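First the structure, in the form of C-alpha cells, and then the observations on it.
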C-alpha cells in the first residue's frame, strides 16, 4: 500500500512535468505585439496544478498502448480547457477570485481584457491541437476527440454547469440538482479525460463505457472532496480562499449531507470507481490509486 | 449590373435566413436551470447581421457542389465564432459597447457573467458542430475544418488581433502594422470562411489558394470600408456608435491614408479579389458581387 502510493505519486509528478513541457512547446513565446495574450495563456497554464485531468488522459491511453506524443497532446488540450475555465471563472463578473494556486489570478496579474482573451485563446488552441495531424494519424480519432471535448466543455457540459452554479446563488438546490450541476461543471471534463484514452486507442465500446463510469464516479468524488476541503481545508495548503461556499450561502454536498455522510459518499464512489476498471487488470492500478488519492488529498 | 445586384441581394438575404434557421436548430431552447446561457447564445446569434461570413462559406461550397446541409452547418459554425467574438469584444473590460446592430449588447441584455459564458459556449459549439458526423461523412474534412477555424480564431488569428488592437490604443501603428492587425482581427476569419467551401468540397490546392487570396483581399477591403463608415457613416444606419476610432485616437487605414486614398485602396482590393476567381467562371459571380458589395455598402 505504501509502495503503490509512492509509485502513484511519482507517476503523477512525472506526468505533470511532461504535460507542462508539452503545453510549453505548444504555446511558444513570441515577440510580436500580441505577445501579451500568449504570456497570459502561459501564465494561466504552465504553473502548477496536479494535472489530474491530463493524468487521466495519459493513463487511460496507456491501457491501449497509445503512443506518448498522441496522449500528451490530448492531455495538454484537456488541460488548456480546464485552465481557460479557471481564468474565466476567476473574473470579477464571475467568482471574483484574486488568488489561484497561491498566485495572483490571470486578470490580477495582467488585466481583465487580457484574461478574457487568454481564456478564449486557450479554449481555441485546445481544438487546434486535437485536430492537428500530429495528434493522431486517423482523422476520425481527431474529429471524435474534438466532438467529445466540445460536448463536455459547452453549454450542456462545463459552461452550462457554471451557469447553473451562478443560478444556484439565488436558488435552493437539492441533492439531485447539485449532482447534475457538478456533473456538468466538473464531471463532464473529467469523464472526457478518461474517455480520451479510449478514443485515441480505438477501444471497444465496453472499455470506453467502463472508463466513462469510472470517471463519472471519481468526478463526483472529486467534487465532494473539494466541498470538504472548502469546509475543513487550510487556505495556505489549498492555495485559494476556503469557506467561500458557506459565505456565499451556497448549497454543497457537505451542506446538504453533512460532513460525515459526505465523506462516506466520497469513499463509496472512490471504491465503486476502481471497481469499474476490473476488466483492465493490473494495467489500471494507477487509475485505481488516483480514485483513492482524489478523496484522500488534503489540498 | 442592376439585375446582378438585385440577384445578389436576394441570394444574400436567402442565405441569411437559412443560416439563422440552422443556428436556431443547432441551439434549441431548453427549460433546464442553465437555460439562461442558451438564451444568451441565441440572443447573440439569431438576430440579424448580413451573415457575410456564412455567405462566403455557402457560396464557396457551391463552387464544388457541396450539399447544402454540410455547407450550412459549416456556415453556422463560422457565424458562431463571429458572434462570440462580438459578445466578448463588447464587454466592459474590452470595447465597452452598449449597442450592437441597434440592440442592447449581450452583457446589457443579460449580465456580464452570462455574456462571458455565452461567448465561451458559442465558441465551443462551433467546434462541436464542425466535428459532428452530420457535417461531412469524411472525418478528414471535419478535422481539417476544425483545424482551419481554430487557427483563424486563436492567438495567431482573431484573438491575437484583438489583443493587438488593445495594444494599439497605447502605440502608434504604421500601415504595415495596421494591415497585420486587421488581417488577424477580421481577415483570418473571413479567409477561413471562403476556404471552408474548398475544404468541404475537397478542392485542389489551386482552387483553395485562389479562394484564400480572394478572401484575403475582401477582408482588407471590408476593414477599410468599416473605417470609412466609422468616419462617414450614419450611426442609425450602421447600428452602432460611429466616430469611436477617432475619439479613441486610434490609428486606422483612414487616419493614415486619408479618406480618398482609403476609398481607392478598398476599390482596388475589391477588383483584385474578383480577379482571383476567374478560374471558376460564372459560378463565382455572386462572390464577385460580394466583393463589390463590401466596399459599396452604407451600413
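The values are calculated or read from the model by the stated rules, or taken from the named source; none is laboratory data. This one's a predicted model, so the numbers in the text were calculated from it and none came from an experiment. Backbone-built Cβ (ideal geometry, glycine too); neighbour counts: all protein chains shown.
Miscellaneous remarks
- Yes/no for residue B:51 being crowded, with 24+ Cβ neighbours inside 10 Å and either touching a strand residue (DSSP E or B) at 6+ places or on another chain (Cβ under 8 Å) or on the phi > 0 side of the Ramachandran plot (or both): yes
- Checking each residue in the range B:25-60 for being within 14 Å of another protein chain (Cβ to nearest Cβ) and part of a helix (DSSP H, G or I) picks out B:26, B:35, B:36, B:37, B:38, B:39, B:40, B:41, B:42, B:43, B:44, B:45.
- Within the range A:258-299, the residues that satisfy the criterion of being farther than 17 Å from residue A:55 by Cα and surrounded by 22 or more Cβ atoms within 10 Å (Cβ to Cβ) are A:266, A:269, A:276.
- Listing of helices (runs of 4 or more DSSP H) fully contained in the range A:61-133 that carry 3 or more residues being more than 14 Å from chain B (Cβ to nearest Cβ) and either in contact (Cβ under 8 Å) with a residue 24 or more places away in the chain or touching a strand residue (DSSP E or B) at 6+ places or on another chain (Cβ under 9 Å) (or both): A:68-89
- Filter result for residue A:139 (in contact with a helix residue (DSSP H, G or I) (Cβ under 6 Å, 6 or more places away or on another chain), surrounded by fewer than 24 Cβ atoms within 10 Å (Cβ to Cβ) and free of Cβ contacts under 8 Å to residues at least 40 places away in the same chain): yes
- Residue match in the range A:179-199 (condition: surrounded by fewer than 18 Cβ atoms within 10 Å (Cβ to Cβ), farther than 26 Å from residue A:73 by Cα and touching a helix residue (DSSP H, G or I) at 6+ places or on another chain (Cβ under 8 Å)): yes
Each row is one residue, and each column tells you yes or no for (1) over 26 Å from residue B:222 (Cα atoms); (2) surrounded by 17 or more Cβ atoms within 10 Å (Cβ to Cβ); (3) within 15 Å of the chain's Cα centre (by Cα).
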| residue | (1), (2), (3) |
| --- | --- |
| B:28 | yes, no, no |
| B:61 | no, yes, no |
| B:67 | yes, no, no |
| B:75 | no, yes, yes |
| B:81 | no, yes, yes |
| B:107 | yes, yes, no |
| B:111 | yes, no, no |
| B:115 | yes, yes, no |
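- Failed item in (1) within 24 Å of residue B:96 (Cα to Cα); (2) free of Cβ contacts under 8 Å to residues at least 12 places away in the same chain; (3) more than 7 Å from every other protein chain (Cβ to nearest Cβ), with residue B:167 passing the rest: (3)
- Counting the residues of the range A:142-157 that are within 16 Å of residue B:119 (Cα to Cα), facing another protein chain (nearest Cβ under 7 Å) and crowded, with 22+ Cβ neighbours inside 10 Å gives 4.
- Positions within the range B:165-178 being more than 13 Å from residue B:223 (Cβ to Cβ) and outside any loop (DSSP other than H, G, I, E, B), in sequence order: B:166, B:167, B:168, B:176, B:177
- In the condition set (1) at negative phi; (2) in a loop (DSSP other than H, G, I, E, B), residue B:14 is compliant with all but (2).
- Taking the range A:216-276 as the region of interest, the helices (runs of 4 or more DSSP H) fully inside it that hold 1 or more residues being closer than 14 Å to residue A:295 by Cβ and modelled with pLDDT of 90 or more are A:253-257, A:259-275.
- Residues within the range B:195-209 that are without any contact (Cβ under 8 Å) to a residue 40 or more places away in the chain and closer than 15 Å to residue B:69 by Cα, tallied: 0
- Among the conditions (1) modelled with pLDDT of 95 or more; (2) surrounded by fewer than 24 Cβ atoms within 10 Å (Cβ to Cβ); (3) facing chain A (nearest Cβ under 7 Å), the only one that residue B:160 does not satisfy is (2).
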